[in-house]
Every structure is written in C-alpha cells, then in structure tokens.
Amino acid sequence: MSEQRIAARYSKALFDKAQEENLLDVVKDNVEELIVLSQESREFMLFIQSPMYKMAAKKKALDNIFAKHHALTKGLYALMVDKKREAYIPAMGESFMKLYNNAQKIVLVEVESAVELSKTTVADIEAYVKKHTQANTVKIITRVDPAILGGVTIEFNGRIFDNTVSTQLKKIKKELQIA
C-alpha cells in the first residue's frame with residue numbers, strides 16, 4: 001500500500017474523531033506542530049523512520065516530544081507505532097491538513113515571482129482564487145526567484161498558472177528548434 005493511502009486512512013480517522021468530539025481546531029494545532037517538527041528536524045525524521053529503535057522507545061519518545069498535545073492526537077501516534085506505521089506520521093499530518101483545509105474551505109496558494117509582489121497584486125490574486133474556488137480563506141505563500149526573469153507562477157488546488165518570462169522563452173526556444 002502506498003504511503004499516501006496509509007497516511008490518508010489514519011488522517012481520516014483522526015479527522016472524523018476530532019470532528020465528532022468537537023476538537024478539530026485543537027487537533028489541527030497539534031498536527032501543525034508535528035509538520036513543523038518534521039520539516040525542521042532531520043533527527044526527528046531519522047528517529048521515527050529507523051528500525052533500530054524499539055516500539056516502546058518510540059512511543060515513549062513521541063509521548064515526551066508531544067506532551068502538550070491532546071490525548072486524541074497522541075493516541076493516534078501511539079496506534080501508528082503499534083501498527084509499525086510510525087514512518088508515516090508526517091505524511092498523515094500533511095493528509096490531515098488537506099482534510100481540514102477542505103472542510104474549512106481554506107485554499108493554499110503558492111506564488112512565485114521575480115520580484116517582491118505589491119500588496120495590491122497579492123490582494124488581486126486572493127480575490128481571483130476566492131472567486132474561482134468559493135474559498136472562505138486564502139493563504140498565500142510568496143517566493144521570490146530572480147531566475148524566472150519576470151511574471152508570476154500561481155499554484156493552487158493542483159493547478160499551475162505559469163506566466164513567467166523564463167517559461168515563455170523556453171517555449172520560443174522549443175518552437176525554433178522544431179522549425
């Protein structure tokens with residue numbers, strides 16, 4: 001079974017239980033902490049993925065690391081360790097956040113540009129995304145990459161709108177090679 005399918009099953013169970021017990025926002029905060037730790041700590045990732053540590057040691061370590069997390073969240077981590085699925089905990093967190101964002105109608109948008117975008121441009125992108133997705137909230141992550149020369153790349157809901165100068169130049173180059 002693929003990592004995404006395994007993670008999706010556990011995240012769905014956590015999401016449903018959190019929703020049932022009115023703990024969705026609490027669990028979301030816990031999962032966000034997990035994701036940050038997973039992204040920032042190579043040691044954490046090596047620890048949970050290593051077969052060298054015993055199940056009891058992993059459970060105890062996760063319980064200590066996430067001591068402030070709600071019992072529901074910690075219980076899922078422990079269950080995943082029991083089922084030898086601890087390596088999928090970070091992927092479960094990502095999958096949970098997708099479920100949460102869909103339920104709350106939150107759309108994540110990644111925007112890449114050659115220069116820093118003005119507040120007006122960011123607001124226009126937010127309005128465009130809200131119009132086309134009926135989202136309640138739009139979270140925009142901007143990155144500056146001078147290599148794209150000009151224009152922007154906007155990515156949300158699995159769609160990519162690439163209007164960069166570098167892409168246009170690549171298209172022209174390809175057309176010239178064909179001719």
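The angle between the Cα long axis of helix 89-104 and the longest principal axis of the Cα atoms of the chain comes to about 60 degrees, rounded to the nearest 10. Please check which bits of segment 96-139 a label hung off residue 66 would reach, taking the label as a point 7 Å along Cα-to-C-beta and the cut-off as backbone N under 14 Å. Label zone hits: 96-97. A simple spin-label model places pseudo-atoms 7 Å from Cα toward Cβ; at residue 116 and residue 132 they are separated by 2.7 nm.
Could you tell me what percent of the DSSP beta bridges with both partners in segment 106-178 are antiparallel, to the nearest 5?
Working: 8 of 16 bridges.
DSSP beta bridges in segment 106-178 are roughly 50 percent antiparallel.
Of the peptides 86-98, 160-172, the ranking by mean beta-carbon count within 10 Å, highest at the top, reads 86-98, 160-172. Note on the chain: antiparallel DSSP beta bridges, both residues inside, total approximately 50 percent of the bridges counted. For the residue pairs 130/171; 84/139; 98/119; 12/74; 17/130; 60/83, the C-alpha atoms sit more than 23 angstrom apart in 130/171; 84/139; 98/119; 17/130.
The string of couplings for segment 58-67 from the Karplus curve (6.51, -1.76, 1.60, θ = phi - 60°) is 5, 4, 5, 5, 5, 5, 6, 4, 10, 4 Hz, one whole number per residue in order, with x for Gly and Pro.
One chain, two ends: residue 29 and residue 3. Fully extended at 0.36 nm per residue, the span grows by 7.1 nm beyond their Cα-Cα distance. Multiplying the residue separation of residue 19 and residue 102 by 0.36 nm and removing their Cα-Cα distance gives an extension gain of 28.5 nm.
We did not get these values from a lab; they are worked out from the coordinates using the rules stated. Because the structure is a prediction, the values reported are computed rather than measured. Here Cβ is always computed from backbone atoms with ideal geometry, including for glycine, and neighbour counts include all displayed protein chains.
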